[in-house]
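Worksheet for the structure shown next.
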Amino acid sequence: MPEIHAKKSLGQHWLNDDVSLEAMCDAADVQAEDHILEIGPGQGSLTNKLLQRGAHVIAVELDETLAKNLPYHISPICEVRPCNAWKRELEVVQGDILKFNLSKMPPDYKVVANIPYYLTSNLLRILCESSNPPAKMALLVQKEVAQRIAAKPGDMSVLSVSVQLYYTVELSNIIPAKLFTPPPKVDSQIIGLSLRSSPLFKNLDSKKFFSVVKAGFSTRRKKLRSALSGGLHISKEEADKLLTKADINGDLRAQALSLQQWHDLYKIYLS
């Protein structure tokens, strides 16, 4: 098989470090018979770890050559399972994960993936807002992005609000850039996400909720009254009234608000 080089255009950086790969599996608590959606399997280093744990893996790979060659990178261990049995536990799908039909996944499936940096925010939105969201996720993302996702009030962003609304977040291992091939310019970090057992807020209209959140973050450096005024196309006086009713200081900035405060503001805005 000819040597395959990573494509910069697809954000390909391959991780072959055993400790890091096992940490990713641990972050998703991968068990035998779990159904795993792996995104961007590349040359199969993580795929092999998932299969070794007895999981059923659907691997979605955009790169046609990598998708075609992935089964040849699977390493059967005959004393654990019959030779080639692992390949029956692997389904390779060549295509764009953003267009993948998540409804085909069984309930309580998990996502384990080394995600290209350019894809992170869009992919997280799709996974979190899906009608069939994963029960757990272990994602390897840019360290700065992982910490943004896990942020507390004071450092929140649209990304942290949109993920934490649906999932609890736990930061795991930091993976130095030097462990990747080719090395990216920054370090990465594993982040574990667990689906909330029940919705954080009942009867939430997510579209309207996020219209308020995005309005608040529309001009990050401005105070909330100004940001909401511009983002919601209302006067500053109206914005102040909303904030007062929600018991929120209009001099704060969007990153200071908790999920509960965003929900309070959303309810007042709808009333």
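The values are calculated or read from the model by the stated rules, or taken from the named source; none is laboratory data. All figures in this text were calculated on a predicted structure; none of them were measured in a lab. Neighbour counts are summed over all protein chains in view; Cβ atoms, including those assigned to glycine, are modelled from backbone coordinates with ideal geometry.
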request  = Of all residues in the range 30-65, count the ones that are in a loop (DSSP other than H, G, I, E, B), closer than 13 Å to Asn114 by Cα and touching a residue at least 60 places away in the same chain (Cβ under 8 Å).
outcome  = 2
The range 23-70: number of residues that are of a type in the set (Val, Ile, Thr) and over 18 Å from Ser194 (Cα atoms) = 5
ask   = In the range 96-123, which residues are surrounded by 14 or more Cβ atoms within 10 Å (Cβ to Cβ), under 27 Å from Ala177 (Cα atoms), of a type outside the set (Lys, Arg) and modelled with pLDDT of 90 or more?
value = Ile97, Val111, Val112, Ala113, Asn114, Thr120, Ser121, Leu123
key: Test result for Glu91, surrounded by fewer than 20 Cβ atoms within 10 Å (Cβ to Cβ) and farther than 15 Å from Ile39 by Cα   = no
note = Of Gly44, Gly11, the only residue that is at pLDDT below 95 and closer than 19 Å to Val141 by Cβ is Gly11
query = Looking at Lys214, is it touching a residue at least 24 places away in the same chain (Cβ under 8 Å), within 17 Å of Asp251 (Cβ to Cβ) and not aromatic (Phe, Trp, Tyr)?
reply = no
key: the range 37-62, residues that are out of contact with any Cys (no Cβ under 9 Å at 6 or more places or on another chain) and of a type in the set (A, V, I, L, M)   = Leu37, Ile39, Leu51, Val57, Ile58, Ala59, Val60, Leu62
task = Identify all residues within the range 256-268 that are touching a Lys or Arg at 6+ places or on another chain (Cβ under 8 Å) and either on the phi > 0 side of the Ramachandran plot or surrounded by 18 or more Cβ atoms within 10 Å (Cβ to Cβ) (or both); write none if there are none.
result = Tyr266
